[in-house]
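Structure first, then comments.
What follows is calculated from the coordinates using simple rules that are stated; it is not laboratory data. No experiment lies behind these values; they were computed from the predicted model shown. When we count neighbours, we look across all protein chains shown, and the Cβ atoms used for this are built from the backbone with ideal geometry, even at glycine.
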Amino acid sequence: MNKILILLMALFLGSHSVSFSQNSNGDWFHIPGLTPEIVGKKEAFYGVMGMAVVSYALSEFILKDSENVNFYKVRLGASNEHFWGFRKVSYQSIGLDKSVSNWFAISGEFHLQQWLDQSPQMETKRSLGMGAGLMTYYRWYLLGKLRLSPYFEYGIGSFMGFKAFPVKGSHFTFSHTSQFGLEYTFKNKDRLRLSYGLFHQSNNNLLDYNPGYDANGFNISYSWYWKNSKW
């Protein structure tokens, strides 16, 4: 199973196509391979969706290692585009999490987001804003399910802001994250996760001007084991 995961990851990191948005520089430390030039692409999105479908099919129908363990969860996160903090984003979400097998999981979340924009090109000193959206996440455990498990997680969703973000951008945007992290499973089956990686937001060229936001950040989440859930 680990060989299949390594192959899927290699295909994902090797993807290349038209970029979702213009890239930003000066981010917090980026993990090699998790850069806008690699994961901020349409082909990367198609590749991850294909990986998720294949992983689900393998778990449910071929390997038959379906775990069917469900959780409800909360997530907190933050990202910063520059060391000196021109554009900062924080977000909170609640949702449901499903462990499909001991190496693959999916989740859906309702997402709140706030930002502080102090870009040099702004007409005012700073701009504060917030909005809401929906996110889906796909998580692969790189060594299978252990008490302390490293994983890769990809999140994709849509977002509507009360103000345009970034500067001169649009109210409606798409968001995605690509992160590596660690998960700890407690004796009662609850799970705690901490991850770090790329956060991207843009309108995917739906409008003429698509400045985009590319930054690095972290998130922490906690999943409560949901006994006797049927889905």
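A few notes on this one:
- A Förster radius of 35 Å combined with the Cβ-Cβ distance from K42 to L182 puts the calculated FRET efficiency at roughly 0.75.
- Look at where the Cα atoms of region 142-176 and of region 189-231 average out, and the two centres are 4 Å apart.
- Computed from label points 7 Å out along Cα-Cβ, the spacing between Y222 and S158 is 3.2 nm.
- Cross-link reach is defined here as a Cα-Cα straight distance under 29 Å, omitting same-chain residues fewer than 8 places apart; for K163 the lysines meeting it are K41, K42, K73, K88, K125.
- Using a Förster distance of 25 Å, the FRET efficiency for E67-T35 (Cβ separation, nearest 0.05): 0.15
- Label zone at E60, where the point sits 7 Å out along the Cα-to-Cβ direction: region 91-107 residues whose backbone N lies under 20 Å: 96-107
- The distance between label points at I94 and M130 comes to 1.5 nm (points 7 Å beyond Cα on the Cα→Cβ vector).
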